[in-house]
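The structure appears below as structure tokens.
No lab work stands behind these numbers, since they all come straight from the coordinates. Computed from a prediction, not measured in an experiment: that's the story for all the values here. Here the Cβ is made from the backbone with ideal geometry for all residues, glycine too, and neighbour counts use every protein chain on show.
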Ligand code: SF4
């Protein structure tokens with residue numbers, strides 16, 4: 001007989017949330033390992049002793065976590081989703097009919113709490129991972145990704161306008177009827193006004209809603225306002241050991257010394273010494289290599305194309321002891337002066353030159369010398385460091401590490417952007433962006449940790465073993481089949 005469900009709501013039910021959330025549920029397991037009670041003490045200074053009660057700091061942090069775990073980038077969606085999910089209600093410690101905080105409370109509290117609260121939580125989760133033996137910490141892979149800022153490039157205004165902002169505010173106070181829009185010069189006005197487009201750059205323009213966001217260009221990405229997320233990943237476990245927000249236009253090699261400092265600090269708290277750093281060419285610079293040496297870390301960072309070009313001074317060998325180059329005919333190019341780079345005045349290069357009189361009788365002088373009759377060779381002041389790196393990158397180990405780096409940190413960044421709410425920053429300012437990135441990294445590490453713990457459970461171990469046995473068996477079948485075919489052919 002066909003059944004038919006009749007919907008009839010009951011006025012009173014006998015219901016207990018904990019009975020309906022299974023023991024292997026992600027949020028139930030998360031609530032068992034994550035202790036956020038430290039927040040009551042660490043955030044006490046943000047509140048006064050009187051007035052309306054704030055959101056519970058633990059509930060706030062759990063709601064933030066839910067947002068990144070569920071890939072929800074809007075505070076409204078976090079509240080709406082949490083209300084509808086029994087497991088999240090259980091994780092938050094709420095009952096079915098309990099009133100939820102208003103969504104704007106989340107953004108206000110996020111602004112109220114300093115970065116240190118989020119960093120403390122990140123370190124606590126990192127400690128959990130270390131305690132479970134997940135982090136080796138000895139080899140770290142570093143990479144960066146651009147993350148869209150919560151600001152529009154078309155709404156940027158000229159910096160001069162922002163510098164005179166106080167004058168304009170005073171004018172506004174004097175004449176409240178004045179149109180605010182008329183005080184700003186947007187990059188692109190309405191076509192009807194006939195205003196010409198002003199080319200935007202970080203030097204001349206700034207976003208009034210998020211002054212820390214920077215115009216950034218990268219192949220394959222549209223020119224827009226971005227922050228740069230620097231991520232360090234442990235190659236043994238693929239867990240994130242450091243994450244931080246930098247301006248979108250900050251070069252990777254400029255940020256490396258600060259990144260190294262933070263990675264070493266995070267690992268030293270667990271008595272782990274970082275031995276090797278793997279990064280791409282973007283992180284190569286003299287400062288970066290000096291910073292690696294200061295921390296006693298071996299870097300695997302390919303040199304830039306300009307070094308490769310300088311190195312290939314055909315027919316010349318460099319004598320480090322006498323600090324000079326020598327050609328195949330035995331003529332020396334000696335050190336003459338320092339040259340400042342046009343792009344970065346702080347960086348200098350060494351210039352070496354041959355003596356015109358030494359090359360008078362050389363048959364190849366027309367192709368070897370310049371119009372002044374000398375051969376000019378230049379190299380960076382950090383040439384010994386670059387040479388050392390070149391030697392290291394020529395080894396077989398470096399080739400293996402190149403593959404390891406791309407298979408470790410790049411998938412992690414992809415997961416952060418696509419599945420852990422880091423596709424776009426939903427806050428303004430670099431400090432807020434840093435908090436968002438840290439929360440995304442916490443969510444990622446917690447997912448990994450719980451996956452690892454689930455893998456240790458007897459049922460999961462059996463199923464894994466079974467699947468491996470199945471794979472071996474299927475390969476054996478294929479092998480037998482192939483052998484039978486070959487025998488029949490022969
Ligand atoms: S031209 Fe001068 S520097 Fe060049 S190969 Fe001949 S001797 Fe050496």
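Quick notes on this one:
- By average C-beta atoms within 10 angstrom, highest first, the peptides 218-226, 290-298: 290-298, 218-226
- Added length on full extension, which subtracts the Cα-Cα distance from 0.36 nm per residue, residue 2 to residue 40: 8.1 nm
- Once the Cα-Cα distance is subtracted from the 0.36 nm per residue extended length, the residue 254 to residue 33 segment shows a gain of 75.8 nm.
- Rounded to 0.05, the FRET efficiency of the residue 332 and residue 290 pair, given R0 = 25 Å and the Cβ-Cβ distance, is 0.30.
- Each of 119, 430 was scored by other Cβ atoms within 10 Å of its Cβ. Arranged with the fewest first, they read 119, 430.
- As a proxy for reagent exposure, 234, 143, 87, 131 were ordered by neighbouring Cβ count within 10 angstrom, fewest first; the result is 131, 87, 143, 234.
- A Förster radius of 41 Å, combined with the Cβ-Cβ distance separating residue 84 from residue 403, puts the computed FRET efficiency at roughly 0.40.
- Put in order of Cβ neighbour count within 10 Å, fewest first, the listed residues 54, 395 become 395, 54.
- A Förster radius of 35 Å, combined with the Cβ-Cβ distance separating residue 340 from residue 268, puts the computed FRET efficiency at roughly 0.40.
- Relative contact order, percent, region 17-113 [alpha-carbon distance under 8 Å, six or more residues apart]: 36 percent
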